[in-house]
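No lab work stands behind these numbers, since they all come straight from the coordinates. Predicted model, so just to flag it, every value in this text is computed and none were measured. So basically every Cβ, Gly included, is an ideal-geometry build from the backbone, and we count neighbours across all protein chains shown.
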Amino acid sequence: MANDNESRDQPRGEMQTRTLAMPADANPSGDIFGGWVLAQMDIAGGIAAAQIAKGRVATVAVTAMIFHLPVFVGDVLCVYASEPRIGRTSVTLNLEAWALRRQSGQRVRVTKGEFVFVALDEDGKPRPVK
């Protein structure tokens, strides 16, 4: 995963998902639960990995996860996937979550992580990535 101290104003990779953070996703302080953000990243990574593997995939590991900034109700969360590393049966992706702030319209990177997916056959067993 890239250097944690890097400062960028543009996402890296291709956007996989875009969703609105709603009140039901927030804790009592009004911040969106980290688990919700992680789930959105997992969904986005699964979409990208399935395209690469040309079929069904499952998440097998989150090898790194860094929460930089909170996500707030009303933010639009966009998740980007980049730098795929393809193994025999696995796909590893760097994922970044960026929030489009409702109040200011500013786009900020809120979270990044490294996710590993395994390609599965029709019986749910690992198969070679195509």
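Can you compute the helix-only [θ] at 222 nm over the chain? Use -39500 (n - 2.57) per DSSP H run of at least 4 residues, normalise by all residues, nearest 500 deg cm²/dmol. Display every interim value, and only then the final one.
On the way: 1 runs with 20 residues, N = 130.
Calculated from helices alone, the mean residue ellipticity at 222 nm is -5500 deg cm²/dmol.
Connecting C-alpha atoms closer than 10 Å in a GNM of the chain, tell me which of Ala24, Ala44, Ala58 has the biggest fluctuation.
Ala24
Compute the distance from the alpha-carbon center of region 99-130 to that of region 14-79, in whole Å.
Spelled out, the Cα-based centre of one part sits 7 Å from the other.
Output the 0 to 90 degree angle, nearest 10, between the alpha-carbon long axis of helix 34-53 and the longest principal axis computed from the alpha carbons of the chain.
Tilt of helix 34-53: around 40 degrees.
Among Pro23, Pro11, Pro84, whose mean-square fluctuation peaks in a Gaussian network model of the chain (Cα, cutoff 10 Å)?
Highest fluctuation among the options: Pro23.
Roughly how many debye, to the nearest 20, is the charge dipole of the chain about its Cα centre, given +1 on each Lys and Arg Cβ, -1 on each Asp and Glu Cβ, and no other charges?
320
So what is the relative contact order for the chain, in percent, with contacts set as C-alpha pairs under 8 Å and at least six apart?
So the answer I get is 30 percent.
Could you please rank Ser104, Ser90, placing first whichever residue has the fewest other Cβ atoms within 10 Å of its Cβ?
On the way: Ser104 8, Ser90 18.
Starting with the residue having the fewest Cβ neighbours, the order is Ser104, Ser90.
Which of the aspartates and glutamates could a cross-linker bridge to Lys130, judged by Cα under 15 Å and excluding same-chain residues fewer than eight apart?
List returned: Asp121, Glu122.
Who wins for biggest fluctuation among Val110, Val60, Val37 in a Gaussian network model of the chain, springs between alpha carbons below 10 Å?
Answer for the Gaussian network model of the chain: Val60.
Mind checking which of Val108, Leu95, Gly30 is farthest towards the positive end of the chain's charge dipole, using Cβ charges of +1 (Lys, Arg) and -1 (Asp, Glu) about the Cα centre?
Leu95
Debye calculation, C-alpha points only, no solvent: report log10 I(q)/I(0) for the chain at q = 0.10, 0.17 Å⁻¹, in the same order as the q values.
Reported log10 I(q)/I(0), two decimals: -0.32, -0.84.
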